[in-house]
Structures are given as C-alpha cells and as structure tokens.
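Dropping the structure in here first, questions after.
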Amino acid sequence: MKLLLHSCCGPCTVHPLAVLREEGFQLYGYFYNPNIHPFKEFKERYKSYRLLCEKTGLEAEIHKEYGLETYLAALDGSGTPLEERCGLCYRLRLEAACARAAELGYGAYSTTLLVSPYQNHELIRRLGEEIGRTRGVEFIYRDFRPGFRQAQEKAREMGLYMQGYCGCIFSEYDRYGPKKKKALADSPREERKE
C-alpha cells in the first residue's frame, strides 16, 4: 500500500521510515510545517530533511516556503491554551498531508509526530482518523515512541540537524524563555540596561 508520511523533521523521520518500510508500505515523504519558527530554524530543518531523503532514498515533496502567515492565521491571533494551540497545529499539517495523499491516490497517510514522547498521541490519532475519514484516506497510527532515543543517535550519525524544541515559537519560548529570563534577572549588568 502507498502511504504518504508527513514529516516534521529529519531526525523524527528516521524511526518511522524504517518501521513502515519493514511493514511493506511504499512511502512518499511530505514535509509541510508552517509552524516552524523562526526562519533560521525552518531553514535548518528543511536542509536536514533534504539530507535525510538523500541518505535514505526517500522520495518526498518538500514545501520550502516559510509559513509564518499560514501558521498565525491558523491560530487566528487568539491566545489559545497549549492543548488547543497544539491541536490547531496538528490539524493544519494533517489536513495538508491527507489532502495531498488523496490527490496522489494514496490509500493511507501517517505522521512522524508519533515518534515524539512530547506530542499528544491521542489527539494526533483522533484528528488523523477524523481528517482521513473526510477524504477516504486511512490514517495509520503507530506508537513510534519506543524508537525515539535510538533514532536520535542514528540521526546524529547521519549528520542531521538536531533541534531543541518542537518547532513553533511558543515551544521555543517554553524551551528557552524561562531560563533566559531568569539568567537576565540574575545578571546585574543586564538589569542596568533595562
């Protein structure tokens, strides 16, 4: 069966790619991630995904447009809580992946988001299945989390860029903001500048 695999980045693709190939799926990669910010981060992840495709022979469609406007429009400018924000982000990418799978005549689609222990698997599964039903494309759920750490090591060996946060500007702040804020507050020199 042909399966379109939405990929959030190179490292997260390593394990799902191996598992789904072992299961006999004919895979087509799909890199569509308007949530990734800032632009410099998007560029690194884009280049890393291209490198993964070259090294693994994965045929893929890669959206190289920086999606700031698309992502912000999906959030509708509201200060949505984390759970809702992540759901909107998942939906944005899964809808695009499912639509593309349907256009190509693929019977199934999935996502590499399912490898991360930091993602809401139940929400991804529910949205993936719901979106798939609207287009007649089966959402293939697999819990890829057991291979997460091993895949990170393999990604390092492959020379792939290893990101430090999920991708959106909110996750970047969650990852780096509080520490940075505390470091600035503890610095007398920085306090004088404020």
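What follows is calculated from the coordinates using simple rules that are stated; it is not laboratory data. Note that the structure is predicted; figures quoted are calculated from it, not measured. We place every Cβ from the backbone using ideal geometry, glycine too, and count neighbours over all the protein chains shown.
Can you say whether CYS53 is more than 24 Å from TYR173 (Cβ to Cβ), out of contact with any helix residue (DSSP H, G or I) (no Cβ under 8 Å at 6 or more places or on another chain) and buried (at least 17 other Cβ atoms within 10 Å of the Cβ), as far as the supplied structure shows?
Working: more than 24 Å from TYR173 (Cβ to Cβ): yes; out of contact with any helix residue (DSSP H, G or I) (no Cβ under 8 Å at 6 or more places or on another chain): yes; buried (at least 17 other Cβ atoms within 10 Å of the Cβ): yes.
It is true that CYS53 is more than 24 Å from TYR173 (Cβ to Cβ), out of contact with any helix residue (DSSP H, G or I) (no Cβ under 8 Å at 6 or more places or on another chain) and buried (at least 17 other Cβ atoms within 10 Å of the Cβ).
If you don't mind, another one. Scanning the stretch 92-112 for residues that are in a helix (DSSP H, G or I) and touching a helix residue (DSSP H, G or I) at 6+ places or on another chain (Cβ under 6 Å), which turns out nearest to LEU27 (Cα to Cα)?
Kept after step one, since they are in a helix (DSSP H, G or I), are these residues of the stretch 92-112: 92-104, 112.
Now drop any that are not touching a helix residue (DSSP H, G or I) at 6+ places or on another chain (Cβ under 6 Å), which leaves 92, 94-95, 98, 102, 112.
Working: LEU92: 21, LEU94: 16, GLU95: 18, CYS98: 14, ALA102: 14, THR112: 12 Å.
Filtering the stretch 92-112 for residues that are in a helix (DSSP H, G or I) and touching a helix residue (DSSP H, G or I) at 6+ places or on another chain (Cβ under 6 Å), the one nearest to LEU27 (Cα to Cα) comes out as THR112.
A further question follows. Any idea which residue in the stretch 62-72 is farthest from HIS37 (Cα to Cα), counting only those that are of a type outside the set (A, V, I, L, M) and surrounded by 13 or more Cβ atoms within 10 Å (Cβ to Cβ)?
Step one: filter the stretch 62-72 for residues of a type outside the set (A, V, I, L, M), giving 63-67, 69-71.
Checking which are surrounded by 13 or more Cβ atoms within 10 Å (Cβ to Cβ) leaves us with 63, 66-67, 70-71.
On the way: HIS63: 15, TYR66: 8, GLY67: 8, THR70: 12, TYR71: 10 Å.
Only one residue tops the list, namely HIS63.
Shifting gears a bit: What pairs come out if I take residues in the stretch 95-107 that are touching a residue at least 60 places away in the same chain (Cβ under 8 Å) and within 13 Å of LEU5 (Cα to Cα) and pair them with residues that are in a loop (DSSP other than H, G, I, E, B) and aromatic (Phe, Trp, Tyr) whose C-beta lies under 9 Å away, six or more apart or interchain?
ALA96/TYR32; ALA97/TYR32; ARG100/TYR32; ARG100/TYR106
Continuing with the same structure: Taking the stretch 1-50, which residues are in contact (Cβ under 8 Å) with a residue 60 or more places away in the chain, surrounded by fewer than 24 Cβ atoms within 10 Å (Cβ to Cβ) and over 27 Å from GLY105 (Cβ atoms)?
HIS37, PRO38, GLU41, GLU44, ARG45, LYS47, SER48
Take the conditions in a loop (DSSP other than H, G, I, E, B), surrounded by 15 or more Cβ atoms within 10 Å (Cβ to Cβ) and not hydroxyl-bearing (Ser, Thr, Tyr) and apply them to GLN152. Does it pass?
Working: in a loop (DSSP other than H, G, I, E, B): no; surrounded by 15 or more Cβ atoms within 10 Å (Cβ to Cβ): yes; not hydroxyl-bearing (Ser, Thr, Tyr): yes.
Considered against the rule, which asks whether it is in a loop (DSSP other than H, G, I, E, B), surrounded by 15 or more Cβ atoms within 10 Å (Cβ to Cβ) and not hydroxyl-bearing (Ser, Thr, Tyr), GLN152 comes out as no.
Do the conditions hold for TYR118, that is, is it aromatic (Phe, Trp, Tyr) and surrounded by fewer than 17 Cβ atoms within 10 Å (Cβ to Cβ)?
Working: aromatic (Phe, Trp, Tyr): yes; surrounded by fewer than 17 Cβ atoms within 10 Å (Cβ to Cβ): yes.
For TYR118, the condition - aromatic (Phe, Trp, Tyr) and surrounded by fewer than 17 Cβ atoms within 10 Å (Cβ to Cβ) - is met.
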